[in-house]
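Novice: Sharing a structure here in structure tokens format.
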Amino acid sequence: MTHAFESLTPDLVLDALDSVGLRGDGRLTALSSYENRVYQVQLEDASAVVAKFYRPGRWSDAQIQEEHDFSAELMAAEIPVIGPTQLLGASLHRFGGFAFSVSPRRGGRAPELDDGEVLEWIGRFLARIHTVGAQRPFVHRPALDLETFGIEPMQWLLEHDRVPLDVQSVWTRTCQNAIDSIAACTTLTGASGPNGINSSGIRLLRLHGDCHPGNILWTPADAAPTAGPGPHFVDLDDARMGPAVQDFWMLLSGDRQQRTRQLGALVDGYEQFREFNRDELALIEPLRTLRLIHYSAWLARRWSDPTFPVNFPWFGSSDYWQGQVQMLEEQCEAMQEDPLIV
């Protein structure tokens with residue numbers, strides 16, 4: 001079977017950029033991205049841009065445009081988000097069967113998440129992102145909820161026979177137990193009223209959605225003559241409606257004491273600009289559990305893309321699924337523990 005991205009040749013990338021008035025000098029560097037295809041392209045004027053070609057069939061043009069519009073709102077509020085550039089009056093373009101966008105190139109390194117000042121700085125900008133995100137809802141992009149991140153991925157994996165028979169029974173039982181635990185202890189339905197607050201009192205707003213350390217570029221003060229020092233947020237491809245704490249928990253690591261300290265620094269920075277609802281802390285482990293289930297289905301759904309077997313050779317084996325059973329069991333236990341307190 002051929003995959004859609006097999007037709008995305010270097011010549012097509014350069015022709016696509018030429019169609020929006022950017023002439024590459026022939027030098028392309030593929031950047032790390034599994035969901036889409038992203039290239040750093042050197043232009044004839046000695047500058048460089050980042051071209052992103054979206055995976056066909058994943059998002060509609062309306063859903064992609066909502067991400068672009070959200071990025072534009074954030075940048076207009078002087079929040080350091082690296083979003084698409086307007087070219088020929090638009091941020092979303094089509095060429096050769098692909099939707100694509102072009103963004104400025106920004107350098108940076110991973111943030112030092114064991115540094116309280118760094119976390120506080122990130123927290124301040126997360127508050128500003130969420131303040132903009134709360135101004136209006138997404139209309140076309142989905143919400144982060146139990147159905148889309150838990151129930152539907154589980155059913156898809158089983159219906160498509162992606163879990164080996166020798167593990168299928170125990171994985172199904174454990175996954176269902178995890179889903180039942182989430183449904184019992186939280187409300188992650190995605191449904192909300194006109195004020196954006198769902199039935200559990202949690203406000204849903206537009207989020208970054210995938211705020212892990214790899215999507216934050218840190219620029220030191222002595223290396224930021226144009227972009228400014230501190231964190232720069234990239235890749236809003238997974239932006240959706242959800243609780244604010246979704247943009248916190250992937251920045252936490254270590255034992256409970258370490259995570260509590262990290263969370264405290266984030267919240268300290270956050271609350272300099274926006275109140276944080278501490279009831280959302282009970283959602284951290286359910287959200288982590290949903291990501292585990294969703295991740296397995298994401299890998300399985302992308303397996304026809306040649307990039308995935310090469311980069312995830314361990315996926316799909318009985319050992320992989322047994323490991324998932326163990327992690328889901330651990331998450332079921334974690335969801336019964338008291339949430340972190342700050």
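Novice: Modelled label-to-label distance, residue 139 and residue 311, 7 Å Cα→beta-carbon offset: nm?
Specialist: Inter-label distance under the simple model: 3.3 nm.
Novice: Summing -39500 (n - 2.57) over the DSSP H runs of n ≥ 4 in the chain and dividing by its residue number, what mean residue ellipticity at 222 nm do you reach, to the nearest 500 deg cm²/dmol?
Specialist: The helix contribution divided over the chain gives -12500 deg cm²/dmol.
Novice: Determine, for 335, 75, the number of other Cβ atoms within 10 Å of each Cβ, and report the residues in order from fewest to most.
Specialist: If I rank by nearby Cβ atoms, fewest first, I get 75, 335.
Novice: Run through region 281-342 and list the GluC sites (Glu not before Pro) located in a DSSP loop whose Cβ has at most 12 other Cβ atoms within 10 Å.
Specialist: The qualifying sites are 337.
Novice: How high is the relative contact order of the chain? Use alpha-carbon pairs under 8 Å, at least six apart in sequence, and give a whole percent.
Specialist: 19
Novice: Still on this structure, please answer the following. Counting Lys and Arg as +1 and Asp and Glu as -1, each charge on the Cβ, what is the dipole of the chain about the Cα centre in debye, to the nearest 20?
Specialist: Charge dipole, the chain, about its Cα centre: 520 debye, nearest 20.
Novice: Using square roots of five times the C-alpha gyration tensor eigenvalues, list the equivalent-ellipsoid semi-axes of region 116-334 in whole Å, biggest first.
Specialist: Semi-axes, largest first: 31, 21, 17 Å.
Each value in this text was obtained by applying a stated rule to the coordinates, not by laboratory testing. Owing to the predicted nature of the structure, the values given are computational and were not obtained by experimental measurement. When we count neighbours, we look across all protein chains shown, and the Cβ atoms used for this are built from the backbone with ideal geometry, even at glycine.
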